[in-house]
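Okay, structure first, notes after.
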Amino acid sequence: MATRRILSESLAKHQYFPKTTTDLICMGFTVVALPTVIVYGWSFLLPSVVPTTSKWYFYNVALMLFLWVNVVLNFYKAVTEDVSTRRLTLLNAAQEGWVYCQWCKGHAPPRSHHCPICDVCVLRRDHHCYFTGRCVGLHNHRYFIMFMLYASLGCLYGFVLSVMYIIQEEGGFTFRIPFALILPVLAKMSGQMPVHMFISFMSSCSAGAGFISASFLVIQLMLFLKGQTFHELRRGLANYNRGFLNNLEELLGKYWWVSWISPLIPSPLPLDGSSYIPLEVSDSKHSSEDGRHFSATKEGTRKRFH
């Protein structure tokens with residue numbers, strides 16, 4: 001028991017290890033689901049729908065590789081990138097617009113907020129993502145957006161392949177196909193399942209995961225157009241909209257027109273998160289909100305951010 005406790009405490013202190021049970025479940029699901037879907041699509045679905053001797057097979061292989069490599073690498077970058085204020089210097093020196101965090105024992109710049117789960121102040125904090133087990137902030141926002149984008153496209157692609165396979169097995173489109181995709185358990189119980197239960201289940205999961213990813217992506221894109229984070233949306237703050245191109249560069253970096261192709265393409269951000277000038281001069285609400293944020297109790301902050 002003592003060994004298990006020491007191991008658990010050691011893992012909990014690790015920067016990338018999920019901090020809560022919710023983080024562990026959601027992140028664990030993501031880590032298991034990604035290779036499962038990739039192997040399933042590559043080894044079974046694609047060869048069953050497209051002849052392996054056809055040139056379209058190789059086009060589909062290239063598309064599948066492009067989508068899923070981007071999903072995996074963007075997920076990895078979103079998890080491992082340092083988003084905390086610790087990457088900045090002069091955290092112990094008061095600067096204009098900065099506030100003191102009583103838990104980090106240092107000063108935090110504007111738009112930075114303390115995450116009670118990660119237990120750090122996050123630069124331009126957007127939200128805490130349970131599926132990555134990390135906060136989304138200035139330095140991993142690009143990777144989180146691209147993860148959502150390619151996950152949505154990958155799930156859509158997998159769903160289309162699944163539907164094509166089911167139609168092929170059924171000998172044409174029938175009412176049993178949407179029935180099996182929407183209510184696979186009921187279709188199985190009523191004897192209306194056109195294919196194996198696992199295939200129908202995987203198809204439904206692809207549709208569900210794609211819908212969730214696309215929903216998160218749409219929310220993020222709407223916030224991007226307003227130059228706003230999800231945290232600021234919840235608090236009614238919208239003082240940093242600098243126009244489409246400036247917002248895009250702040251999100252994807254200097255080389256935004258090519259950075260979407262791969263997370264391995266360097267695209268430096270135009271700022272380090274240490275300074276933001278609100279577009280509205282009268283930003284008393286922003287200042288008072290930040291003051292209340294860092295002077296609140298930790299229990300109150302935990303409720304506030306969840």
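Among the candidates Val122, Val218, which residue alone is open to solvent by less than 20 Å² (accessible area, probe 1.4 Å) and within 17 Å of the chain's Cα centre (by Cα)?
Result: Val122 is the single residue among Val122, Val218 that is open to solvent by less than 20 Å² (accessible area, probe 1.4 Å) and within 17 Å of the chain's Cα centre (by Cα).
Which of the residues that make up the stretch 232-249 are part of a helix (DSSP H, G or I), among the charged types (D, E, K, R) and within 18 Å of His113 (Cα to Cα)?
Within the stretch 232-249, Glu232, Arg234 meet the criteria.
Over 18 Å from Leu156 (Cα atoms) and of a type in the set (Gly, Ala, Ser): which single residue out of Ser54, Ser48 fits that description?
Unique residue meeting the criteria: Ser54.
Out of the stretch 194-215, which residues are at pLDDT below 80 and within 24 Å of Leu149 (Cβ to Cβ)?
Within the stretch 194-215, no residue meets the criteria.
Quick check on the stretch 82-98. Is at least one of its residues assigned to a helix (DSSP H, G or I), modelled with pLDDT of 90 or more and either open to solvent by 60 Å² or more (accessible area, probe 1.4 Å) or farther than 29 Å from Ser267 by Cα (or both)? Outline the logic, then answer.
Filtering the stretch 82-98 down to residues assigned to a helix (DSSP H, G or I) leaves 85-87.
Now restrict to residues that are modelled with pLDDT of 90 or more: none.
No, the stretch 82-98 contains no residue that is assigned to a helix (DSSP H, G or I), modelled with pLDDT of 90 or more and either open to solvent by 60 Å² or more (accessible area, probe 1.4 Å) or farther than 29 Å from Ser267 by Cα (or both).
For the stretch 251-263, which positions are free of Cβ contacts under 8 Å to residues at least 40 places away in the same chain and assigned to a helix (DSSP H, G or I)?
Listed by number, the residues that qualify are Trp256, Trp257, Val258.
Of everything in the stretch 236-257, what is surrounded by fewer than 18 Cβ atoms within 10 Å (Cβ to Cβ) and over 20 Å from the mean Cα position of the chain (by Cα)? Give them in sequence order.
Matches in the stretch 236-257: Gly236, Ala238, Asn241, Arg242, Gly243, Phe244, Leu245, Asn246, Lys254, Tyr255, Trp257.
Which pairs turn up if I take residues in the stretch 29-51 that are in contact (Cβ under 8 Å) with a residue 40 or more places away in the chain and look for partners that are open to solvent by less than 80 Å² (accessible area, probe 1.4 Å) and of a type in the set (S, T, N, Q) with beta carbon separation below 6 Å, at least 6 apart in sequence or on another chain?
Pairs found: Leu46/Asn60.
Hey, could you check the stretch 13-28 for residues that are of a type in the set (Ser, Thr, Tyr) and in contact (Cβ under 8 Å) with a residue 12 or more places away in the chain and say which is least open to solvent (accessible area, probe 1.4 Å)?
Looking only at the stretch 13-28, we keep the residues that are of a type in the set (Ser, Thr, Tyr), and these are 16, 20-22.
Filter once more, so that each one left must be in contact (Cβ under 8 Å) with a residue 12 or more places away in the chain: 16, 20, 22.
Working: Tyr16: 78, Thr20: 45, Thr22: 68 Å².
Checked the stretch 13-28; the qualifying residue least open to solvent (accessible area, probe 1.4 Å) is Thr20.
For the stretch 45-62, which residues satisfy the criterion of being outside any helix (DSSP H, G or I) and either of a type outside the set (Val, Ile, Thr) or modelled with pLDDT of 95 or more (or both)?
Pro51, Ser54
Just checking: which of the helices (runs of 4 or more DSSP H) contained wholly in the stretch 111-222 hold 2 or more residues that are of a type in the set (S, T, N, Q)?
Where helices (runs of 4 or more DSSP H) fall fully within the stretch 111-222 and carry at least 2 residues being of a type in the set (S, T, N, Q), they are 141-170.
Are any of the residues in the stretch 31-44 in contact with a helix residue (DSSP H, G or I) (Cβ under 7 Å, 6 or more places away or on another chain), assigned to a helix (DSSP H, G or I), open to solvent by 30 Å² or more (accessible area, probe 1.4 Å) and among the β-branched types (Val, Ile, Thr)?
Quick first cut of the stretch 31-44, residues in contact with a helix residue (DSSP H, G or I) (Cβ under 7 Å, 6 or more places away or on another chain) only: 34, 37-38, 40-42.
Pick out the ones that are also assigned to a helix (DSSP H, G or I) and you get 34, 37-38, 40-42.
Checking which are open to solvent by 30 Å² or more (accessible area, probe 1.4 Å) leaves us with 37-38, 42.
Now drop any that are not among the β-branched types (Val, Ile, Thr), which leaves 37-38.
There is at least one residue in the stretch 31-44 that is in contact with a helix residue (DSSP H, G or I) (Cβ under 7 Å, 6 or more places away or on another chain), assigned to a helix (DSSP H, G or I), open to solvent by 30 Å² or more (accessible area, probe 1.4 Å) and among the β-branched types (Val, Ile, Thr).
Hey, Ala108 hits all of (1) open to solvent by less than 10 Å² (accessible area, probe 1.4 Å); (2) modelled with pLDDT of 90 or more; (3) not basic (Lys, Arg) but one; which does it fall short on?
Evaluating Ala108 over (1) open to solvent by less than 10 Å² (accessible area, probe 1.4 Å); (2) modelled with pLDDT of 90 or more; (3) not basic (Lys, Arg) leaves (2) as the failure.
Just checking, does the stretch 63-79 include any residue being exposed (fewer than 15 other Cβ atoms within 10 Å of the Cβ) and not in a helix (DSSP H, G or I)?
Within the stretch 63-79, none of the residues are exposed (fewer than 15 other Cβ atoms within 10 Å of the Cβ) and not in a helix (DSSP H, G or I).
For the stretch 140-193, give me each residue that is open to solvent by 20 Å² or more (accessible area, probe 1.4 Å), among the hydrophobic types (A, V, I, L, M, F, W, C), modelled with pLDDT of 80 or more and more than 18 Å from Gly208 (Cα to Cα).
Across the stretch 140-193, the qualifying residues are Ile167, Phe173, Phe175, Met189.
The values are calculated or read from the model by the stated rules, or taken from the named source; none is laboratory data. Here the structure is a predicted model, which is why all the values come from computation and not from measurement. Glycine gets a Cβ as well: all are built from the backbone with ideal geometry, and neighbour counts include every protein chain shown. These accessible areas exclude ligands, DNA and RNA; they are computed on the full protein's heavy atoms, side chains included. Shrake-Rupley method; radii C 1.70, N 1.55, O 1.52, S 1.80 Å.
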